[in-house]
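Shown next, in C-alpha cells, is the structure this report addresses.
The values are calculated or read from the model by the stated rules, or taken from the named source; none is laboratory data. Small disclaimer: the values here were computed from a predicted structure and weren't measured. When we count neighbours, we look across all protein chains shown, and the Cβ atoms used for this are built from the backbone with ideal geometry, even at glycine. Accessible surface is based on the protein model in full, side chains and every heavy atom, while ligands, DNA and RNA are left aside. Shrake-Rupley method; radii C 1.70, N 1.55, O 1.52, S 1.80 Å.
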Amino acid sequence: MSDKGIAALPDRPVLLTIADVTVSDGTQYSVTTGYGPRGAFYKAEYSDRIVHYSTDGETAYSLEGGERTEIPESYIFHIESQLFHAQVSEFAELNEGVSMIRSCGTEDAPCREKIGNEGSRFFGVHYRALQSDPRTGIPFAILAYRKGQSPIVARFSDWRTVDGMPLAYRVVVEDGVRTFDYRYRSIEGL
C-alpha cells in the first residue's frame, strides 16, 4: 500500500477550494478539494453522510471513520475530475499531457480546446478537454467526452480578480441528467 495520499498531503495543499453545491434534483452539499505535489483529495459533506476520497496519483483511497481503504484505481480519474481549478492550472499534468490543441466555436465566439491524453473506460470518458478564449486565454469550460453521448460540461462564470489573477467562483456542471451548481466560498493557492 502506498504511503502517500491524504495522510501525506501537506497541511496546506498548493490549491484548496471550498464550494456549496446545489443539484437540480434538490440535493445540497459542500465540497472541499485539495491538490498538491503529493496528491489530491475530494470531500463532499451531505446532511446524512460524508464522501471522502484521496489519491497520490497512483492509488485511490476512501476515508471513512478515520479508516483509509484502497479503492479501484479508476477513482483517480473521478477525484481529479472534481478539481476544476486544478484542471485549469495543471491541465497537462492531470491529463497525462496534451495530445492536441484545436479550434472550436465560431468566428464570433472563437474557442481553443486542449485535448488531454487521459480518459476512463470505467466512467465511459474518452478524454477531457479544456476550452478557452484564444483572445484572452481565459478558460470557460472543461468537457469530458463520452462515446455515443453528449460530453459532461463544466462551465466557469462569476469571475473575480484575486491578486491579479481571474478566478471563476461559479462552476455549473451538466452531465446530461442533472445539473450541479458549484458556488465557491474559497479558492486559495493559485
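Odds and ends about this structure:
- Orientation-averaged projected area, Cα convex hull of region 38-118 (nm²): 7.3
- Scaled radius of gyration (Cα, divided by 2.2 N^0.38 Å) that the chain gives: 1.01
- Overall, the ratio between the Cα radius of gyration of region 106-164 and 2.2 N^0.38 Å, rounded to two decimals, is 1.30.
- Computed over region 39-164, relative contact order equals 12 percent, with contacts defined as Cα pairs under 8 Å that lie 6+ residues apart.
- Here the label points at residue 122 and residue 49, each 7 Å from Cα along the C-beta direction, are separated by 1.7 nm in the simple model.
- Isotropic mean projected area of the C-alpha convex hull, region 10-83 (nm²): 5.3
- Relative contact order, percent, region 105-190 [alpha-carbon distance under 8 Å, six or more residues apart]: 16
- Protein heavy-atom accessible surface, 1.4 Å probe, per residue over region 101-155: 59 Å².
- Percent accessible area from carbon and sulfur atoms, the chain, protein chains only, probe 1.4 Å: 47
- Dimensions in Å of region 147-190 - Rg and Dmax from alpha carbons: 13.0, 42
- 3J(HN,Hα) couplings calculated from phi for region 105-116 with the Karplus curve 6.51 cos²θ - 1.76 cosθ + 1.60 (θ = phi - 60°) are, in sequence order, x, 10, 4, 6, 10, x, 8, 10, 10, 8, 9, x Hz; Gly and Pro show x.
- Rounded to the nearest 20, the Cβ-based charge dipole of the chain about its Cα centre (Lys and Arg +1, Asp and Glu -1) stands at 380 debye.
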